[in-house]
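A short write-up of the structure that comes next.
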Amino acid sequence: MVDQLTMRASDRDRQQVVDRLSSALEDGRLTMDEYIGRMEAAYKAATYGDLIPLCADLPASPPGIGGPQAAAGAAAPTVFSQVGHLAGLPTVLKILWTIWLTAVSVNVVVWALVSGTGGHLAYPWPVWVAGPYGAVLFAVSAAVTLFRRSPLPVAHRQPVNG
């Protein structure tokens, strides 16, 4: 039997710990330096044993850690704090959204300056920068979010005759 502390942690487990640390930072339970140090350790963690000490001195148990027995015994939080729309996305998508927002912002500013100095409202060409790429990013982000939230399929075994 594999010891719970030596089991490999998933990206979702690491993200849950980081979210818990972020919540503790917002509550004033951690300083920014403590938060940064623990966050880095969480993202570098390989096992549950690496993750558990990061939240050990915080009042609520970290979500997803401790196995089904701990999850069954833990009380549900009374308030759920959603950090943001991009919080659950992989880092790659967060970077792509940031690049998209920067490019669209620059194009809108240039368009506004051209329209303002030209004396007439110019054709809104930034829509062609924002629209297609934004739609693709939105579709990919929605698909990733749905995939991450969906339960894993349960394999059904057929009885062996014979």
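The values are calculated or read from the model by the stated rules, or taken from the named source; none is laboratory data. Fair warning: this is a prediction, and the values are worked out from it, not measured in the lab. Backbone-built Cβ (ideal geometry, glycine too); neighbour counts: all protein chains shown. In case anyone asks, the SASA skips ligands and DNA or RNA and just uses the protein heavy atoms, side chains included. Shrake-Rupley method; radii C 1.70, N 1.55, O 1.52, S 1.80 Å.
Regarding residue 45, is this residue closer than 26 Å to residue 9 by Cβ, open to solvent by less than 60 Å² (accessible area, probe 1.4 Å) and either modelled with pLDDT of 85 or more or of a type in the set (A, V, I, L, M) (or both)?
Here the answer is yes, as residue 45 does meet what is asked.
Could you list all residues from region 4-19 that are touching a helix residue (DSSP H, G or I) at 6+ places or on another chain (Cβ under 9 Å) and outside any helix (DSSP H, G or I)?
Across region 4-19, the qualifying residues are 7, 8, 9.
Could you look through region 124-162, keep only residues that are among the hydroxyl-bearing types (Ser, Thr, Tyr) and closer than 20 Å to residue 101 by Cα, and pick out the one that is modelled with the highest pLDDT?
My answer is 133.
For region 91-130, what are the residues that are within 30 Å of residue 15 (Cα to Cα) and among the β-branched types (Val, Ile, Thr)?
Passing the criteria: 91, 92, 95, 98, 99, 102, 104.
Are any residues in region 25-43 part of a helix (DSSP H, G or I) and farther than 27 Å from residue 150 by Cα, and if so, which ones?
Of everything in region 25-43, those that are part of a helix (DSSP H, G or I) and farther than 27 Å from residue 150 by Cα turn out to be 25, 26, 27, 32, 33, 34, 35, 36, 37, 38, 40, 41.
What do you reckon, is residue 105 surrounded by 12 or more Cβ atoms within 10 Å (Cβ to Cβ), modelled with pLDDT under 90 and part of a helix (DSSP H, G or I)?
The answer is no for residue 105.
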